[in-house]
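First up is the structure itself, then whatever we jot down about it.
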Amino acid sequence: MFVFIILDVILPILILMLIGAILQRKFQFNLKQLSTLITYCLMPAAVFVNIYDIRIETGFLLQIIYYLMLYSLSLIIVSHFISKILKLEKGESAALKNSISLMNSGNYGLPVSQLIFSHNPVGVSIQIFIVIFQNLLTYSYGIYNLLSATKTIGGIIRSFLRLPVFHALVLGVLFQSFKIQIPNSILLPLNQLANGFVAIALILLGAQLSNIKLNFFHRVITWALIGRLLMGPLLALAVIYILNIDGIVAQSLFIASSFPTSRNTSTIAMEYQIEPELHAQIVLFSTLFSIITVTVVIYLSYILF
């Protein structure tokens, strides 16, 4: 089983990320345009297709919502506690809190889930809900940490409602709920776009990470890695048992808890110029070390659930 996870899940991810890094070093792509392609085209298509194809019970959906709220609250409390103990400055504190609380559930987590649950769309659909929730958390709690509440609630809501992935989710739910049939002439290109998401997203991630310069190893980086990659899965396991979740739902949620820090933490930090280098290095190191933790958590998820 462990060898299977390495060869069939982790190795394909590493190969695609390595391709992205090599291509970026050679050709210096405009990563903003690639990111826009994923955000406005490939990811919404993947979200819509997976939601459209899924048959998920209301009870499962409520379980996922309860879990996400309790798990995120646990991460926020833990990161705040660590920040207080370390007596960090405001910018460093924001970096630590965001790095622990915000996961790369989009262009890392969703491709991983599609590889793991390729024959079970429920697992992928759960990850899609996590992507939506994490985006909401990023544009509320994440920006709040950086700007100390200078962004209004209305601005946060508008930012979230403008996300194409949110529109895709709503349309997917409507089409699925009312059993609306989509003509093959439309469904075929949607499926082709959705199928291209995994490769392009991981190539982009590799290209982005190749641009990060390693200048130092800050203590905030160490604690961010401990919080995100070690404490994150442990807290997730506790919440899963508290809520009595099992089966494919438990597997998907537990695996998602091992994903590295969201690249959006670096993006918004750069946008507002609050410790951008520190945020970027946390993203890099957490992504590299997650190769180990994700492998272990996937293996444990098969044993425990």
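Charged side chains reduced to their Cβ positions (Lys and Arg at +1, Asp and Glu at -1) give the chain a dipole of some 560 debye around its Cα centre.
Placing unit charges on the Cβ atoms of the charged side chains and taking the dipole of the chain about its Cα centre, the candidate lying farthest along the positive direction among Pro12, Leu209, Asn191 is Leu209. For the stretch 39-100, a crude dipole built from +1 on the beta carbon of Lys and Arg and -1 on the beta carbon of Asp and Glu, taken about the Cα centre, is about 280 debye to the nearest 20. Proximity of backbone amide H atoms, modeled 1.01 Å from N, is registered between Met103 and Ser262 at under 5 Å, excluding neighbours fewer than 5 places apart on the same chain. When the alpha carbon gyration tensor of the stretch 1-84 is reduced to an equivalent ellipsoid, its three semi-axes come out at 31, 22, 19 angstrom, largest first.
Helices in the chain that qualify as membrane-span-like (whole DSSP H runs, Cα extent of at least 18 Å along the helix axis, mean Kyte-Doolittle hydropathy of 0.5 or higher) are 11-27, 58-86, 121-137, 164-177, 184-210, 276-304. Estimated purely from DSSP H runs of n ≥ 4, each contributing -39500 (n - 2.57), the mean residue ellipticity at 222 nm for the chain is -23500 deg cm²/dmol once divided by its residues.
Counting lysine pairs in the stretch 2-304 whose alpha carbons fall under 28 angstrom apart, excluding pairs fewer than 8 residues apart on the same chain, gives 13. Exposure proxy shown here: for Ser266, Ser118, Ser210, the number of other Cβ atoms within 10 Å sets the order, fewest to most, as Ser118, Ser210, Ser266.
Here, each number is a calculation from the coordinates, and none is a lab measurement. Only a predicted model underlies this, so the values are computations on that prediction, with no experimental measurement involved. In this analysis, Cβ positions are derived from the backbone assuming ideal geometry, glycine residues included, and neighbour counts consider all displayed protein chains.
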